[in-house]
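Enquirer: Pasting a structure here, questions to come.
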Amino acid sequence: MARATLVLDLPEQVWVSTLSREYPDAEFTVLAAMPADDTGVGLVEISAANIQAIVATIDGYETVFDVTVLEAQPDRALVQFETTEPLLLRSLSEAGIPLELPITIVDGEVTVEVTASRERLSELGDLLEQFGIPFDLVSVTQSVDTQSLLTTEQHELLETAIEEGYYDTPRTCTLTELAESVGLAKSTTSEKLHRAESKVIKEFVGADDAE
């Protein structure tokens, strides 16, 4: 699995993009979002100095309806709404990737973090382009599920090696000390450790090469 961080420049025709550009100092934090037939239902927390004007503007968009202010303070409001333009939610849904919340929109931009296979991330990129949502890929990190990849004995050996400082720089635990800690001969420990390391490295590099 890969974890990616993307910065999206929401299209101006999307109401929340237009609204956040009109009020660039405001923060729109989406706390919840879900599809509903051809629309999307969301819960957003707005932080700004002119809350009343912003809420009134939301209610004026043709693509937004059922706007309900659940909580209001001078500089903060909690608003539930339904929209016919849930482009981000739709693109993630079609790519088979769950939307990780909360996300905060400021001045038309939003940073999202998604976890998925390389194939699904590639599909998401295609869908974002299809929906006209420019984006920058900030980072991609590859994770390896060692629990399913390794045997219990291999996993415990690697955990012990990490805890004892075998992989520290500089190393604070020698192979001999590690062998004594796990109650195995030095040669046996070396062989088992090498096999476990080999599995993890091949899985990680292999997943990257598949990209």
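Enquirer: State all residues of the range 51-63 that are modelled with pLDDT of 90 or more, open to solvent by 30 Å² or more (accessible area, probe 1.4 Å) and out of contact with any helix residue (DSSP H, G or I) (no Cβ under 7 Å at 6 or more places or on another chain); if no residue qualifies, say none.
Expert: Hits for the range 51-63 are Q52, A53, A56, G60, E62.
Enquirer: For the subset of the range 140-161 comprising residues that are of a type in the set (V, I, T), out of contact with any His (no Cβ under 7 Å at 6 or more places or on another chain) and at pLDDT below 90, which member is most open to solvent (accessible area, probe 1.4 Å)?
Expert: Residue satisfying both the conditions and the ranking: T152.
Enquirer: Listed residues L137, L92, L43, L124; which is surrounded by 18 or more Cβ atoms within 10 Å (Cβ to Cβ), at pLDDT below 90 and more than 14 Å from L19 (Cα to Cα)?
Expert: Within the list L137, L92, L43, L124, the selection yields L92.
Enquirer: If E164 meets every condition in (1) open to solvent by 50 Å² or more (accessible area, probe 1.4 Å); (2) out of contact with any helix residue (DSSP H, G or I) (no Cβ under 7 Å at 6 or more places or on another chain) apart from one, which number is that one?
Expert: (2)
Enquirer: While we're here: Quick one: which of T29, T68, T104 is part of a strand (DSSP E or B) and within 23 Å of E129 (Cα to Cα)?
Expert: Among T29, T68, T104, only T104 is part of a strand (DSSP E or B) and within 23 Å of E129 (Cα to Cα).
Enquirer: While we're looking at this one, here's another question. Every residue in the range 23-39 that is farther than 23 Å from G96 by Cα and acidic (D, E), please.
Expert: The answer is D25, E27.
Enquirer: If you don't mind, there's one more thing I want to ask. Mind checking whether some residue in the range 183-192 is loosely packed, with under 11 Cβ neighbours inside 10 Å, at pLDDT below 85 and in a loop (DSSP other than H, G, I, E, B)?
Expert: No, the range 183-192 contains no residue that is loosely packed, with under 11 Cβ neighbours inside 10 Å, at pLDDT below 85 and in a loop (DSSP other than H, G, I, E, B).
Enquirer: Right, next: Starting from the range 85-99, keep only residues that are under 11 Å from L124 (Cα atoms) and in contact (Cβ under 8 Å) with a residue 24 or more places away in the chain, then list their pairs with residues that are in a helix (DSSP H, G or I) and open to solvent by 30 Å² or more (accessible area, probe 1.4 Å) whose Cβ atoms are within a distance under 7 Å, requiring at least 6 positions of separation or different chains.
Expert: Between residues of the range 85-99 that are under 11 Å from L124 (Cα atoms) and in contact (Cβ under 8 Å) with a residue 24 or more places away in the chain and residues that are in a helix (DSSP H, G or I) and open to solvent by 30 Å² or more (accessible area, probe 1.4 Å), the close pairs are A95/R120; A95/E123; G96/R120; I97/R120.
Enquirer: Identify the residue in the range 108-121 that is assigned to a strand (DSSP E or B) and over 21 Å from T18 (Cβ atoms) and, among all such residues, is most open to solvent (accessible area, probe 1.4 Å).
Expert: Selected residue: E113.
Enquirer: Can you name the residue in the range 71-89 that is closer than 16 Å to V41 by Cα and in a strand (DSSP E or B) and is also most open to solvent (accessible area, probe 1.4 Å) among such residues? Break it down into steps so the answer makes sense when it comes.
Expert: The first filter runs over the range 71-89 and keeps only residues closer than 16 Å to V41 by Cα, leaving 78-89.
Checking the rest, the ones that are also in a strand (DSSP E or B) come to 78-83.
Working: L78: 28, V79: 0, Q80: 82, F81: 24, E82: 37, T83: 8 Å².
Restricting to residues being closer than 16 Å to V41 by Cα and in a strand (DSSP E or B), the top hit is Q80.
Enquirer: I'd like the residue in the range 19-40 that is touching a helix residue (DSSP H, G or I) at 6+ places or on another chain (Cβ under 9 Å) and open to solvent by 70 Å² or more (accessible area, probe 1.4 Å) and, out of all such residues, is modelled with the lowest pLDDT.
Expert: Across the range 19-40, the extreme among qualifying residues is P35.
The values are calculated or read from the model by the stated rules, or taken from the named source; none is laboratory data. Just so it is clear, the structure is predicted and the values come from calculations on it, not from any experiment. Cβ: placed from backbone, ideal geometry, glycine included. Neighbour counts: every protein chain shown. Surface accessibility is based on the protein's heavy atoms, side chains included, excluding ligands, DNA and RNA. Shrake-Rupley method; radii C 1.70, N 1.55, O 1.52, S 1.80 Å.
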